[in-house]
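Undergrad: Encoded as structure tokens, here's the structure I'll be asking about.
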Amino acid sequence: MKLKYILFMAINLLLSPNIFTQITDQELGASVDYRNRAGLYDFSDEGAVNIKVSVWGYVSRPGKYIVPDYTTVSDLLSYSGGPNQNAVMDDMRIFRTLENGTEEMIKFTYDDIMWGEKIEVKNRIVPKLEPSDVLIVPGSPRMFFRDWFALSLQIAGILISVLNLYLIILYNY
């Protein structure tokens, strides 16, 4: 009886994913520094006029950037580490405040930026960056197979733990 109980507990611990939830990224060997996820980045050129622009949304390094005035939107996306896996590249926007105080929003797509010279579209817009522009890269979190699998393992681990507790109470009383 005790051997069966010990064997059941050992199998339960091996199958339970909850024992791995306290491991940090550094313990797994990843060098993740979350302090540099947003901030001020300086890519200025001493021989040119520099402007301040911002990048918000689903990019690797959102924040404020000091860049030369000849910087393109694709350059700015590169400086910010590029779009992440959740970015929607078909609906990027630049918010701009004009001199008279009105705000302007310019919508464009990834194809407009990367393949602009090669495609024939009548209303293609590739905006030039101006001071205080805000580039928005929209997106939404998506769950991939590995996310669903990890979630199902956690739920299975909880159910196994509850079943284990029930069996312990049942056989001990």
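Undergrad: Taking the simple approach of a point 7 Å from Cα along Cα-to-Cβ for both I106 and F149, what is their distance in nm?
TA: 4.3 nm
Undergrad: Please work out how much accessible surface F95 shows to a 1.4 Å probe, ignoring ligands, DNA and RNA, in Å² rounded to 10.
TA: Result for F95: roughly 80 Å² accessible.
Undergrad: I've got another one for you. Compare the peptides 130-137, 80-87 by average per-residue count of other Cβ atoms within 10 angstrom and give them in order, highest first.
TA: Result, highest mean first: 130-137, 80-87.
Undergrad: Quote the accessible area belonging to M105 in square angstrom, nearest 10, computed with a 1.4 Å probe and with ligands, DNA and RNA left uncounted.
TA: The value for M105 is about 80 Å².
Undergrad: Along Cα→Cβ, 7 Å out, is where each label goes; now give me the distance between the ones at K4 and Q85 in nm to one decimal.
TA: 4.4 nm
Undergrad: Let me ask something else about it. Which order do Y41, Y171 take by accessible area at a 1.4 Å probe, largest first?
TA: I get Y171, Y41, largest accessible area first.
Undergrad: Separation of segment 150-173 and segment 67-116 by C-alpha centroid, Å?
TA: Cα centroid of segment 150-173 versus Cα centroid of segment 67-116: 50 Å apart.
Undergrad: Taking the convex hull of the alpha carbon atoms in segment 53-97, what volume per residue do you get, in Å³?
TA: So the per-residue Cα hull volume is 78 Å³.
Undergrad: How much length would be gained if the chain were fully extended between Y70 and E46, taking 0.36 nm per residue of separation minus their Cα-Cα distance, in nm to one decimal?
TA: 7.4 nm
The values are calculated or read from the model by the stated rules, or taken from the named source; none is laboratory data. Model, not experiment: these values are computed from the prediction. Note that we place each Cβ from the backbone using ideal geometry, even for glycine, and neighbour counts take in every protein chain shown. Accessible surface is based on the protein model in full, side chains and every heavy atom, while ligands, DNA and RNA are left aside. Shrake-Rupley method; radii C 1.70, N 1.55, O 1.52, S 1.80 Å.
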